[in-house]
1. Which order results if 95, 167 are arranged by neighbouring Cβ count within 10 Å, fewest first?
2. So for each of 133-139, 179-185, 58-64 I average, over its residues, the number of other beta carbons within 10 Å; can you give me the resulting order with the highest mean first?
3. With springs connecting C-alpha atoms under 10 Å apart, model the chain as a Gaussian network and identify which of 70, 224, 103 has the largest mean-square fluctuation.
4. Using a/c under 1.5 as the rounded threshold, could you call segment 89-189 rounded, prolate or oblate? The axes a ≥ b ≥ c are square roots of the C-alpha gyration tensor eigenvalues, and prolate needs a/b larger than b/c, oblate otherwise.
5. Work out the FRET efficiency for residue 90 and residue 31 from their Cβ-Cβ distance, taking R0 = 30 Å, and round it to the nearest 0.05.
6. Semi-axes of the equivalent ellipsoid of the chain: what are they in whole Å, largest first, if each equals the square root of 5 times a C-alpha gyration tensor eigenvalue?
7. Given the C-alpha centroids of segment 24-87 and segment 177-210, what is the distance between them in whole angstrom?
8. Tell me the Kirkwood radius of segment 185-244: reciprocal of the mean inverse pair distance over distinct alpha-carbon atoms, in Å.
């Protein structure tokens with residue numbers, strides 16, 4: 001999935017100049033109160049680069065349409081790619097909660113900067129649930145399976161991405177997601193050789209990766225209800241839920 005920002009000339013100009021990039025990071029950090037959002041996860045990263053610094057670096061690399069490796073080599077982000085990858089692979093980071101926290105803070109920022117706050121609060125809001133195909137060319141990815149693409153009208157190797165978004169009348173804000181695989185009764189569409197070559201990893205039950213991995217075989221409707229409840233319990237309320 002590529003980040004399509006080639007037409008955003010203003011953003012490209014900011015990312016091409018370090019001074020403007022630093023100013024943008026500072027403004028973004030203040031607006032979203034990233035330090036406060038990430039405070040519950042401060043115990044995860046005690047040495048080296050802070051969690052906030054690495055998270056902003058990840059966001060910058062995606063806005064620039066670059067991989068983590070390319071971003072570190074070109075100087076867009078300061079940490080080396082291994083430092084960022086270690087954070088991404090840390091099973092004790094609850095990425096779902098971080099995404100939801102950013103979604104809530106986005107709504108607060110819009111509300112605080114809205115010229116007509118009362119009108120904004122009265123606007124009709126809803127949740128949107130949809131799934132899409134995440135195709136992969138290799139067959140050694142952990143949890144990979146054959147999926148049926150309703151767009152291509154054929155089976156492909158990859159994942160089904162279930163995405164929950166929040167529509168506030170102006171912006172569509174992602175607030176929850178999960179990956180799923182299909183063809184469980186038929187060994188996920190993999191032959192014995194492909195199954196043996198597939199990556200696998202032992203995980204402790206306390207890590208958030210365990211929950212993410214277990215969701216692979218849960219039906220999408222059950223996971224959608226679970227993620228929706230999580231949003232509502234944290235104060236995000238919609239008038240209805242929109243889905244196909």
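What follows draws every value from the coordinates through simple rules; no lab data is involved. Fair warning: this is a prediction, and the values are worked out from it, not measured in the lab. Because the Cβ atoms are built from the backbone with ideal geometry, glycine has one as well, and the counts that use them run over all protein chains shown.
1. Numbers: 95 14, 167 17.
If I rank by nearby Cβ atoms, fewest first, I get 95, 167.
2. Going by the mean number of other Cβ atoms within 10 Å, highest first, we get 58-64, 179-185, 133-139.
3. Checking each option, the largest mean-square fluctuation is seen for 70.
4. Note, shape of segment 89-189 comes out prolate.
5. About 0.70, to the nearest 0.05.
6. The answer is 31, 25, 19 Å, longest axis first.
7. One Cα centre to the other: 29 Å.
8. Working: mean 1/r = 0.0679 Å⁻¹.
Every distinct Cα pair counted, the radius reaches 14.7 Å.
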